[in-house]
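Since every read-out is calculated from the coordinates, none of them should be taken as a lab result. For clarity, every value in this text was computed on a predicted model and none was experimentally measured. Using ideal geometry, Cβ is built from the backbone for each residue, glycine included, and neighbour counts are taken over all protein chains shown.
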Amino acid sequence: MTDVRIPDPLLRALGPDPDRRATELLCAALVHQAEISLGYAGRVLGMTRGEAMEWYAGLGYTYPNITVEDLDSDLETLRRTRPDREA
């Protein structure tokens, strides 16, 4: 961890939990710029992959850089966890 200096007006704008809000905003910006993955941002924020996707979408972004491998992995997880469903 390190400390970052934030001007007081911006600090107040971050609301009642400025550390969390600043971390969320930084993660969102870095995911959007493809500097970190959405999965990594989710781990930093203590979210599951699904929660991270919902959080990111709630900010107005779409799921970044989805690959065929991501979709294959999701389908395999669905088949393994929901054998009653045709995937």
**Prompt:** Just in the chain: which trypsin sites (Lys or Arg not before Pro) are loop by DSSP and have at most 11 other Cβ atoms within 10 Å?
**Reply:** Arg5, Arg85
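Can you compute the charge dipole magnitude of the chain about its Cα centre, using +1 on each Lys and Arg Cβ and -1 on each Asp and Glu Cβ, nothing else charged? Give it in debye, rounded to the nearest 20.
180 debye
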**Request:** Using the number of other C-beta atoms within 10 angstrom as an exposure proxy, rank Leu75, Leu38 with the fewest first.
**Result:** Leu75, Leu38
**Request:** Tell me the GluC sites (Glu not before Pro) within segment 1-55 that lie in a loop according to DSSP and have at most 16 other beta-carbon atoms within 10 Å.
**Result:** Glu35
**Request:** Could you tell me which chymotrypsin sites (Phe, Trp or Tyr not before Pro) in segment 30-78 are loop residues by DSSP with no more than 15 other beta carbons within 10 angstrom of their beta carbon?
**Result:** Tyr61
**Message:** Would you calculate the convex hull of the Cα atoms in segment 8-81 and tell me its volume per residue in Å³?
**Reply:** 101 Å³
